[in-house]
Protein chains: 2
Amino acid sequence: MDSPRASGRTPAKARLSRETVLAKALELVDAEGLDALTMRRLGQELGRDPMSLYRYADNRAALLDGVSELVLDQLPIHPEDPDWKAQLRNIAHDLRMLALEHPNVVPLLVTRPLSTPLGLRPLGTLRPLEQILTLLASAGFEPADALHVYRAYYGFLYGHILNELQEYVVDPEENEVLLRLGLHRLPAKEFPRLRALAPALSEYDGARELDQGLTILLSGLEAQLSRQVAGSRA
Amino acid sequence: MDSPRASGRTPAKARLSRETVLAKALELVDAEGLDALTMRRLGQELGRDPMSLYRYADNRAALLDGVSELVLDQLPIHPEDPDWKAQLRNIAHDLRMLALEHPNVVPLLVTRPLSTPLGLRPLGTLRPLEQILTLLASAGFEPADALHVYRAYYGFLYGHILNELQEYVVDPEENEVLLRLGLHRLPAKEFPRLRALAPALSEYDGARELDQGLTILLSGLEAQLSRQVAGSRA
DNA sequence: AGCGCCTGTCTACGCTGTAGACTGTACCCG
DNA sequence: CGGGTACAGTCTACAGCGTAGACAGGCGCT
């Protein structure tokens, strides 16, 4: 059962690599959540001693960073598109999809950078930033303006993703809306509006909402920046 | 040293209460971060057996929820202001300030709801939502539209807060900008733009950036919604 | 006076991350 | 071909974690 070449979940006794470790880690997180990703459990899943993992990640935190990186690396890089707004829109939708595919990783994406100074983050998590900066630069933005656009954009994007994941359905089996969202527990007198919104809440169209928000934000940013440029020229 | 009426960090042997427990918990989180908030440590801080805490919170997760609630309860409620946009602006700045005062709590604010269905969250964390819905309702919005505005608004707001906290300075002692942000570690060839932005990054004016974003977003939302209303009337 | 409730304590269990010493194998170099 | 070195993986052990469950003490009511 444990003989060499036995067929476990993985080829059993092939050499480990950072890639296989991180891949299994992500798999585990996707399937059972962040808490399930313990060194012991991951070791077991790989058919190895837990301590062997430390050859591929300094510690658990680094492992989590690796998982973030792995997910962000899946962000497709889009071919040239003349329109920066269209590009940002595409990237936003890509990231949204990625988040929906790996909802358990989102807390990492959002939380880890809070405890890690910009320059010390895994490079994979900074690449999207650099990518957007170049995109904006080639669209003619001054560096400082590009930074402003980036911030407003990414802020909104992450905010949207958090929002969308938060609202999601508890118990899809239950078909009474109030129950499905657990809203029945709320005291009706204190939360009349929220309770009344149950039907609307359950019909959330995330892609659409994201898109509308982007339209507002991007055209607003464009207007504001062209105004600034015009102003500083005068 | 451990006699009754001894003067420890707290009055020593007064009865515990949920309030005192949560207050100490928040204090601990503010001072030393989320990881420092263990049952044992908190018990020690209160001069009590760790197990006594379970009378005031079902488990550690509930304790964390309590801390979130405690922070959000500090959100001031603003007097009537005729202008919904002005109100949303005020609330946004209040929440931003709160986040800057309790940066270690932000991960909780952002993360906990992801694993808790809407209806099962601590009531304190839902109150801002309900409050904004009423605000928008009294400004004349249809419930469904109010929800859209709320989503775009809160999404942007939380996104901004995350952004701002992420960019913040590591080691205020170090005054060489590149070093402070750790940017020197980045390979110059791969991250030219990001590295070049170092000075701009260190001059982040969060309040201003938030305000500009809100201006764009709110006026955009207003325009979009009034257009919709006009359209559906025709 | 007696009963019952409630707060806080104690002990114990299974789990966690990880330091440090160790083994075995694969490869390179003389 | 022999010996050495580097490195993958294992083992043992430790300190700390959350928390179940049994228990103690004191207060207030009847």
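Looking at A:Leu75, A:Leu70, A:Leu88, can you tell me which residue is away from DNA strand C (no atom under 16 Å from the Cβ), within 20 Å of the chain's Cα centre (by Cα), hydrophobic (A, V, I, L, M, F, W, C) and surrounded by fewer than 18 Cβ atoms within 10 Å (Cβ to Cβ)? Talk me through it step by step, then tell me what you get.
Working: A:Leu70 fails: surrounded by fewer than 18 Cβ atoms within 10 Å (Cβ to Cβ); A:Leu88 fails: surrounded by fewer than 18 Cβ atoms within 10 Å (Cβ to Cβ).
Residue meeting the stated conditions: A:Leu75.
Candidates in the range B:178-201 are the residues that are among the charged types (D, E, K, R) and over 17 Å from A:Pro113 (Cα atoms); of these, the one that is farthest from the other protein chains (Cβ to nearest Cβ) is B:Lys189. Filter the range A:109-157 down to the residues that are charged (D, E, K, R) and part of a helix (DSSP H, G or I), then identify the one that is nearest to B:Pro103 (Cα to Cα). Per the criteria, the residue is A:Arg112. Please indicate, with yes or no, whether at least one residue in the range A:44-65 is within 30 Å of B:Leu183 (Cβ to Cβ), within 11 Å of DNA strand C (Cβ to nearest atom), out of contact with any His (no Cβ under 9 Å at 6 or more places or on another chain) and of a type in the set (S, T, N, Q). Taking every residue of the range A:44-65 in turn, at least one turns out to be within 30 Å of B:Leu183 (Cβ to Cβ), within 11 Å of DNA strand C (Cβ to nearest atom), out of contact with any His (no Cβ under 9 Å at 6 or more places or on another chain) and of a type in the set (S, T, N, Q).
Do we have B:Asn104 as within 16 Å of DNA strand D (Cβ to nearest atom) and either open to solvent by 40 Å² or more (accessible area, probe 1.4 Å) or more than 10 Å from chain A (Cβ to nearest Cβ) (or both) here? So that I can check it myself, show each step before the final result.
On the way: within 16 Å of DNA strand D (Cβ to nearest atom): yes; either open to solvent by 40 Å² or more (accessible area, probe 1.4 Å) or more than 10 Å from chain A (Cβ to nearest Cβ) (or both): yes.
Here the answer is yes, as B:Asn104 does meet what is asked.
Being surrounded by fewer than 17 Cβ atoms within 10 Å (Cβ to Cβ), in the same structural domain as B:Ala223 (by TED's automatic domain parsing), among the acidic types (Asp, Glu) and over 12 Å from the mean Cα position of the chain (by Cα) is true of B:Glu80. Contact annotation: residue pairs with Cβ atoms under 7 Å, 6 or more positions apart or on different chains, pairing a residue in the range B:34-53 that is within 14 Å of B:Thr20 (Cα to Cα) with a partner that is near DNA strand C (Cβ under 9 Å from one of its atoms) and not in a helix (DSSP H, G or I), are B:Gly43/B:Asp49; B:Leu46/B:Leu16; B:Arg48/B:Leu16; B:Ser52/B:Leu16.
So which of A:Leu120, A:Leu126 is within 11 Å of another protein chain (Cβ to nearest Cβ), under 25 Å from B:Gly206 (Cβ atoms) and surrounded by fewer than 18 Cβ atoms within 10 Å (Cβ to Cβ)?
Numbers: A:Leu126 fails: surrounded by fewer than 18 Cβ atoms within 10 Å (Cβ to Cβ).
None of the other options fit; the residue is A:Leu120.
Here the range A:31-45 is the region considered, the condition is being open to solvent by 60 Å² or more (accessible area, probe 1.4 Å) and within 14 Å of another protein chain (Cβ to nearest Cβ), and the residue that is farthest from DNA strand D (Cβ to nearest atom) is A:Glu32.
Scanning the range A:139-167 for residues that are without any contact (Cβ under 8 Å) to a residue 12 or more places away in the chain and more than 7 Å from chain B (Cβ to nearest Cβ) yields A:Gly140, A:Glu142. Count of the range B:20-30 residues, restricted to those that are more than 17 Å from the chain's Cα centre (by Cα) and open to solvent by less than 30 Å² (accessible area, probe 1.4 Å), is 2. The residues of the range A:107-117 that are within 19 Å of B:Leu197 (Cβ to Cβ) and more than 8 Å from every other protein chain (Cβ to nearest Cβ) amount to a single one, A:Thr116. Across the range A:202-234, which residue is nearest to the other protein chains (Cβ to nearest Cβ) among those that are at pLDDT below 90 and touching an Asp or Glu at 6+ places or on another chain (Cβ under 6 Å)? Taking the candidates together, the pick is A:Tyr204.
Looking at A:Leu120, A:Leu95, A:Leu109, A:Leu178, which one is among the hydrophobic types (A, V, I, L, M, F, W, C) and touching a Leu at 6+ places or on another chain (Cβ under 7 Å)?
A:Leu95
The residues on offer are B:Arg96, B:Arg55, and the sole one that is open to solvent by less than 60 Å² (accessible area, probe 1.4 Å) and either modelled with pLDDT of 95 or more or more than 16 Å from DNA strand D (Cβ to nearest atom) (or both) is B:Arg96.
The values are calculated or read from the model by the stated rules, or taken from the named source; none is laboratory data. Please read these numbers as outputs of a predicted model, since none were measured by experiment. With ideal geometry, Cβ positions are generated from the backbone for all residues, glycine too; neighbour counts draw on all protein chains shown. Areas reflect the complete protein model, heavy atoms only, side chains present, ligands, DNA and RNA absent. Shrake-Rupley method; radii C 1.70, N 1.55, O 1.52, S 1.80 Å.
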